[in-house]
Amino acid sequence: MQLMRKENAIVHEVMQDSPKSPEARLGMKVEDLWDVQEPQLSPTEKLNACFESIPVSAFPPAPSSQVIEIKSDTSLAEAVQILSEHKILSAPVVDVDAPEDASWIDRYIGIVEFAGIVVWILHQSEPPSPRSTTPGSALEVAVNRVTNAAGFGILGPEDAQATSGNFFEALTSSEFYKNTKVRDIAGSFRWAPFLALQKSNSFLTMLLLLSNYKMKSVPVVDLGEAKIDNIVTQSSVIHMLAECAGLQWFESWGTKKLSEIGLPLMTRDHVVKVYEEEPVLQAFKLMRKKRVGAIPIVDSSGIKVVGNISIRDVQFLLTAPEIYHDYRSITAKNFLTAVRSYLKKHQGTSPFVSGMVVCTKNHSVKELIMKLDSEKIHRVYVVDDAGNLEGVITLRDIISRLVHEPYGYFGDFFDGVLPLPLNSRV
């Protein structure tokens, strides 16, 4: 395990008049606004006022490799490959049948994401309702043939059964998986029309959506062009904050200890976890049930963290199933071992290979932000002096401690936004 040290390896000099990065220039804009705020305002109130004055269009554009659109006639297998290759969690889905002059609402049919793919796979493997009198769809019948052929059986709604190593080979080589299109499942499951911001919306609105409303990314649309102009993610906000080190507004907040700002929000008794000898699909089922993006893998004591599985790691089950072929069952421990070996061979370095990153409550917000940004990870586990699990801190938790939502702030902002299905997550 890596332990965050107070002597952070990344040294950020105080910003001068000509900061190097777009994120640093944005930080300077916040600094200018900070200096003219009313002195009686609290630091949080000052930041709220600063971010409310900056349009979301000022946020630096995402790298072109991360602003990817997937056509609605793309197969599920191809969609998984695209998300994996570009190292993104989700992508907007373009309706190939939409007219050229369609508005952005009609041009896109939703978002395809790893979380939705996990939910869909698990949903197809669950038994139909005993009250249902209608036969299963052709798609469900195909899934059942694959699961039965692989010796997988029916995956119950609560506990994942032990899965033989060749199950995902059978699944990903099946015709139903190769031929299923994104649009075939978009209308009936997770991918309802997405919530997007206009370029004139405020920075504060964007930060609140990424924190209080649990959105991992927010598309920004250009109404004139009827297309997505930018995609702001939780990770890109953390990167912006890291680039603002040295600025007064950031230092006044970032130098505080995690415990001073109420982190971690989720303490040990509330952390959703999976034991290393449990089936790996149990981890994905727990993520689905508890609506979390990742969970720690713990040893038999339940308090020692030995690894982490995130929702995006389902890609390894779908894009490299051959690495599990020799396993009689894929436990969480098997999963860690197989994927780490695979990544060392094919990618060299990655957060998955380098191991867990942990911190203590005595670390500062700034130290945590620098670590999250440099390691390109989405969460850090909090441990005590003995290395026992005390809690977890996510990107969302940090952003939620930067700003607060004023009473009645959103008003009718969400009017017309379709409610999500019960089994979905943002």
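The values are calculated or read from the model by the stated rules, or taken from the named source; none is laboratory data. Nothing here was measured: the structure is a model prediction, and the numbers come from that model. Please note: Cβ atoms are built from the backbone with ideal geometry, for glycine as well, and neighbour counts cover all protein chains shown. Remember, those area values only see protein heavy atoms, side chains included, never the ligands or the DNA or RNA. Shrake-Rupley method; radii C 1.70, N 1.55, O 1.52, S 1.80 Å.
Restricting attention to region 67-82 and to residues that are open to solvent by 10 Å² or more (accessible area, probe 1.4 Å), outside any loop (DSSP other than H, G, I, E, B) and not hydrophobic (A, V, I, L, M, F, W, C), the residue that is nearest to Asp184 (Cα to Cα) turns out to be Lys71. Here the condition is being closer than 26 Å to Glu100 by Cβ, modelled with pLDDT of 80 or more and either open to solvent by less than 10 Å² (accessible area, probe 1.4 Å) or of a type in the set (Asp, Glu) (or both); of Glu225, Glu175, it holds for Glu225 alone.
The criterion of being out of contact with any helix residue (DSSP H, G or I) (no Cβ under 9 Å at 6 or more places or on another chain), at pLDDT 85 or above, crowded, with 18+ Cβ neighbours inside 10 Å and not polar (S, T, N, Q) does not hold for Val339.
May I ask you to list the residues in region 299-312 that are open to solvent by less than 10 Å² (accessible area, probe 1.4 Å) and out of contact with any Phe, Trp or Tyr (no Cβ under 6 Å at 6 or more places or on another chain)? Within region 299-312, Gly302, Gly307, Ile309 qualify. Taking the criterion of being under 23 Å from the mean Cα position of the chain (by Cα), part of a helix (DSSP H, G or I) and surrounded by 21 or more Cβ atoms within 10 Å (Cβ to Cβ), would at least one residue in region 273-280 satisfy it? Scanning region 273-280, I find at least one residue that is under 23 Å from the mean Cα position of the chain (by Cα), part of a helix (DSSP H, G or I) and surrounded by 21 or more Cβ atoms within 10 Å (Cβ to Cβ), so the answer is yes. Listed by first and then second residue, the pairs linking a residue in region 105-120 that is more than 22 Å from Lys178 (Cβ to Cβ) and assigned to a strand (DSSP E or B) to a residue that is open to solvent by 10 Å² or more (accessible area, probe 1.4 Å) and among the acidic types (Asp, Glu), with Cβ atoms under 7 Å apart and 6 or more places separating them unless they lie on different chains, are Tyr108/Asp95.
Checking the structure you have, find out if any residue of region 303-319 is among the β-branched types (Val, Ile, Thr), within 24 Å of Val112 (Cβ to Cβ), part of a strand (DSSP E or B) and modelled with pLDDT of 85 or more.
For region 303-319, residues among the β-branched types (Val, Ile, Thr), within 24 Å of Val112 (Cβ to Cβ), part of a strand (DSSP E or B) and modelled with pLDDT of 85 or more: present.
Residues in region 81-113 that are under 20 Å from Lys216 (Cα atoms) and among the small types (Gly, Ala, Ser): 4 in all.
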